[in-house]
Amino acid sequence: MSLARSLERRIENLVEGLGTKVFRGKLHPVEVAIRIVREAEMTLTQSGVGPTAPNTFVVSLNPTDLGEDADEIISRLNTVVAEAARERGWRLEGPPRVTLLAAPDVAAGAISVVSTVNPGAIEEWGQLIEVRGPRRLALTKNRSLVGRSRRADVMLGDDTVSRTHSLVWYDTGGTWIQDLASSNGTSVNGVVTNGPVELHDGDVVGFGLARFSFRSA
């Protein structure tokens, strides 16, 4: 799969100029970053909430290609994963974690990437604030499932909320909500939704009779 040019430019900006201390020989940090994103693309899994990408990546390099002072480049590579997930609307089950590993069995100039899904705590990217009540519900995972089920990412115990009621997600185009054929419908600012609807700060979202104001972090 080819990367969108906008994402590729952001990757270049994120890691440019950091490779001389970390990568030796012909390896360039942009090449490593793009290889990680392509690994994520190739290992996406589909579920009821959409595409889920791995969040943990072990990048194996020949010892002759790997230098020192890797902390900063690893931090930037973690950001690359987060940026790619945001642009593509991927769900991550945990925070991005990239590891650089010296591996003698990897040929000089080559890159080996192994990816896995490792659940973990993620910083919130938005909130659902109850209009007439005390509840403030954090949106942490992208493509968050809202519903009455204990398996929902945002669980609402209200009687008019279905077990799998709505899906809330972000991508490069904005933040969106979509009803999942719930019994009592999903509304935005009093208008019942029919398909994906873009959310903006302050919009009032109705899950059945439950009303929440959306706020981005």
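FYI, it's all coordinate maths here, none of it is from the lab. Just so we're clear, the structure is a prediction, and the values are computed from it rather than from any experiment. Cβ sites come from the backbone with ideal geometry, for glycine too, and all protein chains shown count toward neighbours.
Odds and ends about this structure:
- Structure-based [θ]222 nm, the chain - -39500 (n - 2.57) summed over DSSP H runs of at least 4, per residue, nearest 500: -6500 deg cm²/dmol
- Distance in nm between pseudo-label sites at GLN178 and THR43 (7 Å out along the Cβ direction from Cα): 2.6
- Here the extension length gained between THR99 and ASN194 equals 29.9 nm, from 0.36 nm per residue of separation less the Cα-Cα distance.
- Modelled spin-label separation between ALA4 and GLU68, with each label point placed 7 Å from Cα along the Cα-to-Cβ direction: 4.1 nm.
- Backbone amide hydrogens, once placed in the peptide plane, bring THR56 within less than 5 Å of ARG97, THR116, ASN118, excluding anything fewer than 5 places away on its chain.
- Taking packing as the residue-averaged number of other Cβ atoms within 10 angstrom, the listed peptides 203-210, 120-127, 165-172, 152-159 run from highest to lowest as 165-172, 203-210, 152-159, 120-127.
- Spatial separation of Cα centroids for region 107-124 and region 169-217, in angstrom: 32
- Antiparallel bridge percentage (DSSP; both residues within region 14-125; nearest 5): 55
- Candidates per GluC sites (Glu not before Pro) in region 1-101, loop by DSSP, up to 13 other Cβ within 10 Å: GLU16, GLU68
- Approximating the spin labels as points 7 Å out from Cα along Cα→Cβ, the LYS26-to-ARG136 distance works out to 5.4 nm.
- Reported label for calculated Rg/Rh (Cα atoms, Kirkwood Rh) given (i) 1.00; (ii) 1.07; (iii) 1.04: (ii)
- Quotient of C-alpha Rg and 2.2 N^0.38 Å, computed over region 62-123: 1.29
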